[in-house]
């Protein structure tokens, strides 16, 4: 399995958390991926700190692609801030951006960290994965919560490293003190500031793409895109999707309808908008559950049932020929059935169209979790 055998826009992928795969081990992992393949999935996605050695060969044995995501500017999975406090984003108040739920962003302007991210992507490509997806490739924002109340978003970062890079890049002299720097930037140089922010993120993605393709010319390169409006992406996040498309094979908008408090039909809307804005190949990521047993207590929005999940899959299919389901741990038996139906693997009526809240029980024994707290 390689990029030349993949049609990027026709991916049918399922995302599994790293701890699920490590807990499963080689034998259980094969069973897990075989069950996913039986539903019609053609690829598995995970975001590993440590890539399970069995994952790539097992996926290939089952005719699936193995894609890995890399957290570029987030400290949640493999924390480095305790030893690298200079990477902590600074708000216009001069204070550190606070942790929100599981999320603490990192500044994207430190060259040592950025080089480490690029090298990690290249090493994964060398390990034979079929694709590398840049995740958290943005300026800090816990968008899952902040897009619900945009007025609460605190832009960053006014740290010493970022201010120095901005001054070097733009030729604009700014104060060293964060509060004064933020005031001058936004009163006199806002357009230049946002150009700089987009340049920083796009340049890291460009370097990732070049490094991955040098390490493995067959590897697919992708990026996860925040489902914000285009003005929000271009300013708060530094995600210029048209520029992204120049360096990526696929853009993956995280079209999580429940997390963003949107109806399932919104999945098609945001997918079409990003496709039109980017001119690139777009594959939406669809939310499978908001159950606290799966989210580990994080706020993934209001509960929704299998019928709503089926609607989200249908709207994804309206706007794109591929899809990623986030996450496999959320596929209860009736939701797994909806996946099979969506992929044309099962044309019988849905097992259940109940609009009730079902307790969490996965379609696969390895994924069964405790009842929600």
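Observations
- GNM top mover of 177, 47, 210 - the chain, alpha-carbon springs below 10 Å: 177
- Multiplying the residue separation of residue 31 and residue 180 by 0.36 nm and subtracting their alpha-carbon distance yields 47.9 nm.
- Whole-angstrom gap from the range 313-343 to the range 83-152, using each part's C-alpha centre: 28 Å
- For the range 44-185, the share of DSSP beta bridges that are antiparallel, to the nearest 5, is 35%.
- Spacing of the modelled spin labels on residue 61 and residue 38, each 7 Å from Cα toward Cβ, amounts to 1.7 nm.
- Relative contact order (percent, whole number), the chain, Cα cutoff 8 Å, 6+ residue spacing: 18 percent
- Estimated inter-spin distance, residue 49 and residue 101, nm [label 7 Å along Cα→Cβ]: 2.0 nm
- In range of the label at residue 116: residues from the range 68-98 whose backbone nitrogen is under 19 Å from the point 7 Å along Cα→Cβ: 69-90, 97
- Antiparallel bridge percentage (DSSP; both residues within the chain; nearest 5): 10 percent
- Residue separation of residue 173 and residue 242 scaled by 0.36 nm, minus their Cα-Cα distance, works out to 21.9 nm of gained length.
- Taking the chain as a Gaussian network of alpha-carbon nodes connected by springs under 10 Å, the highest mean-square fluctuation of the residues 85, 227, 333 belongs to 85.
- Angle between the chain longest axis and helix 190-215 axis [Cα atoms, degrees, rounded to 10]: 50 degrees
- Relative intensity of the chain on a log10 scale, I(q)/I(0) at q = 0.10 Å⁻¹, equals -0.61, per a Debye sum over C-alpha point scatterers of equal strength in the absence of solvent.
- Full extension of the chain between residue 86 and residue 195 gives 36.9 nm of extra length, using 0.36 nm per residue less the Cα-Cα distance.
- Residue-averaged 222 nm ellipticity for the chain, from DSSP H runs of 4+ at -39500 (n - 2.57), nearest 500: -12000 deg cm²/dmol
- Sites residue 123 and residue 187 - FRET efficiency at Förster radius 35 Å, r taken between beta-carbons, to 0.05: 0.20
- Folded to 0 to 90 degrees: helix 160-170 orientation relative to the chain principal axis, Cα: 80 degrees
- Axis angle, to the nearest 10 degrees, between helix 18-39 and the longest C-alpha principal axis of the chain: 50 degrees.
- Highest-MSF residue in the chain out of 215, 69, 36 [GNM, Cα springs under 10 Å]: 215
No lab work stands behind these numbers, since they all come straight from the coordinates. Here the structure is a predicted model, which means the values were calculated and not measured. Neighbour counts are summed over all protein chains in view; Cβ atoms, including those assigned to glycine, are modelled from backbone coordinates with ideal geometry.
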